[in-house]
Amino acid sequence: MTKVLVIGASGATGKLVVSELLQRNIEVVSIVRATSSLINTIGNYPNYQEILANIDDLSDQELASHLNGCDVVVSCLGHNLTFKGIFGEPRRLVTDSIIKLTKAIDLLKPDDKTKIILMNTTGNSNRDIPEKPPLSQRLVISILRLLLPPHVDNEQAADFLRTNIGQDHQQIEWVAVRPDTLTNESKVSKYKIHPSPTRNAIFDAAPSSRENVANFMASLATDPELWEIWKGKMPVIYNDA
Ligand SMILES: NC(=O)c1ccc[n+]([C@@H]2O[C@H](COP(=O)([O-])OP(=O)(O)OC[C@H]3O[C@@H](n4cnc5c(N)ncnc54)[C@H](OP(=O)(O)O)[C@@H]3O)[C@@H](O)[C@H]2O)c1
């Protein structure tokens with residue numbers, strides 16, 4: 001029986017992932033900051049458990065105890081779009097949380113491999129393939145790397161999974177899901193998944209609704225055949241307009 005730990009669960013996409021999973025009768029544990037409880041917004045689900053904590057403050061041991069029994073982790077963490085969120089600490093919120101999760105999995109040594117699903121971005125390339133984005137995109141991304149710490153954090157989090165966990169880890173499998181421009185819609189619509197971006201992420205970006213991203217992430221968590229297709233990869237999601 002699948003049990004999923006969601007981090008960044010109080011975010012715009014994280015909430016939708018939690019709802020998608022609960023509607024599929026999946027057991028969900030979320031770690032949210034005390035000011036961001038979801039209990040009042042998502043309704044009363046017996047299969048929902050909430051840990052009020054800042055993931056940044058948890059020790060590896062504490063995180064391991066919350067992770068115990070979960071076979072999937074979904075990260076929808078992202079820096080809040082305020083001056084402090086973008087330029088303040090923790091600068092490596094996403095990367096350090098992913099590293100901490102892998103240490104917690106190592107402490108638990110579960111019998112089966114744990115699946116990590118990371119919410120990433122089309123602004124990041126999969127250097128395993130390798131992808132070569134258009135020159136105009138590469139130029140802008142190199143400037144963003146200098147100016148925007150959250151972009152570097154997103155790149156480093158996926159790089160950690162790609163290079164440190166890799167394709168043949170004893171305990172962990174992963175997928176880094178790459179939406180393009182996040183939008184809010186009223187419901188899930190048709191979407192398409194590609195191994196690599198098919199458009200310029202800066203000058204020809206397309207919508208990827210949060211509802212569709214959450215639906216795809218929940219499907220990855222619950223559908224073993226879909227997982228087999230995308231594990232160790234960085235699928236790109238666009239709305240199918
Ligand atoms: N904007 C786009 O078009 C776009 C495109 C592709 C990918 N992305 C990426 O997608 C991801 C999610 O986006 P979103 O819009 O769904 O995110 P969001 O609504 O901003 O949610 C961010 C989540 O991270 C948590 N968080 C932020 N700072 C934290 C901290 N210091 N300590 C602990 N938790 C913290 C927030 O918790 P609180 O509720 O407690 O603040 C919230 O749960 C981000 O990584 C973003 O870079 C964005």
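The values are calculated or read from the model by the stated rules, or taken from the named source; none is laboratory data. Predicted model only: the values in this text are computed from it and were never measured. Because the Cβ atoms are built from the backbone with ideal geometry, glycine has one as well, and the counts that use them run over all protein chains shown.
Details
- Subset tally (residues that are of a type in the set (D, E, K, R) and out of contact with any helix residue (DSSP H, G or I) (no Cβ under 7 Å at 6 or more places or on another chain)) for region 30-55: 1
- Screening Arg127 on (1) closer than 23 Å to Pro179 by Cβ; (2) more than 16 Å from the ligand (Cβ to nearest atom); (3) modelled with pLDDT of 95 or more shows it passes everything except condition (3).
- For region 71-80, taking the residues that are under 19 Å from Thr13 (Cβ atoms) and surrounded by 15 or more Cβ atoms within 10 Å (Cβ to Cβ), the one that is nearest to the ligand (Cβ to nearest atom) is identified as Gly78.
- Subset of region 30-63 (residues that are away from the ligand (no atom under 15 Å from the Cβ) and either in a helix (DSSP H, G or I) or of a type in the set (Gly, Ala, Ser) (or both)): Gly43, Ser59, Asp60, Gln61
- Residues that are under 23 Å from Leu161 (Cα atoms) and not aliphatic (A, V, I, L, M) were ranked within region 186-202; the one that is farthest from the chain's Cα centre (by Cα) is Thr198.
- Scanning region 194-215 for residues that are β-branched (Val, Ile, Thr) and buried (at least 16 other Cβ atoms within 10 Å of the Cβ) yields a count of 2.
For every residue, the table says whether it meets (1) at pLDDT below 95; (2) acidic (Asp, Glu); (3) touching a Lys or Arg at 6+ places or on another chain (Cβ under 7 Å); (4) not in a loop (DSSP other than H, G, I, E, B).
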residue	(1), (2), (3), (4)
Arg145	yes, no, no, yes
Val152	no, no, yes, yes
Glu185	no, yes, no, no
Val188	no, no, no, no
Met217	no, no, no, yes
Leu220	no, no, no, yes
Glu225	no, yes, no, yes
Tyr238	no, no, yes, yes
Ala241	yes, no, no, no
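- Residue list for region 30-64, filter: surrounded by fewer than 16 Cβ atoms within 10 Å (Cβ to Cβ) and either of a type in the set (Val, Ile, Thr) or touching a residue at least 60 places away in the same chain (Cβ under 8 Å) (or both): Thr35, Ile39, Thr41
- Any hit, region 6-29, residues being farther than 25 Å from Trp227 by Cα, touching a helix residue (DSSP H, G or I) at 6+ places or on another chain (Cβ under 8 Å), in contact (Cβ under 8 Å) with a residue 12 or more places away in the chain and within 10 Å of the ligand (Cβ to nearest atom): no
- Scanning region 18-29 for residues that are outside any loop (DSSP other than H, G, I, E, B), among the β-branched types (Val, Ile, Thr) and in contact with a Lys or Arg (Cβ under 9 Å, 6 or more places away or on another chain), we see that the one that is surrounded by the fewest Cβ atoms within 10 Å (Cβ to Cβ) is Val29.
- Condition check for Thr183: surrounded by fewer than 19 Cβ atoms within 10 Å (Cβ to Cβ), under 22 Å from Pro133 (Cβ atoms) and under 17 Å from the mean Cα position of the chain (by Cα): yes
- Check on Gly88, closer than 28 Å to Ile141 by Cα, of a type in the set (Gly, Ala, Ser) and surrounded by fewer than 15 Cβ atoms within 10 Å (Cβ to Cβ): yes
- Contacts under 9 angstrom Cβ, first residue in region 121-134 being among the acidic types (Asp, Glu), partner within 16 Å of the ligand (Cβ to nearest atom) and in a loop (DSSP other than H, G, I, E, B), 6 or more apart: Asp128/Met234; Glu131/Ser125; Glu131/Ser196; Glu131/Pro197; Glu131/Met234
- When every residue of region 81-93 is checked against the conditions, none turns out to be of a type in the set (Gly, Ala, Ser), at pLDDT 95 or above and under 23 Å from Ser10 (Cβ atoms).
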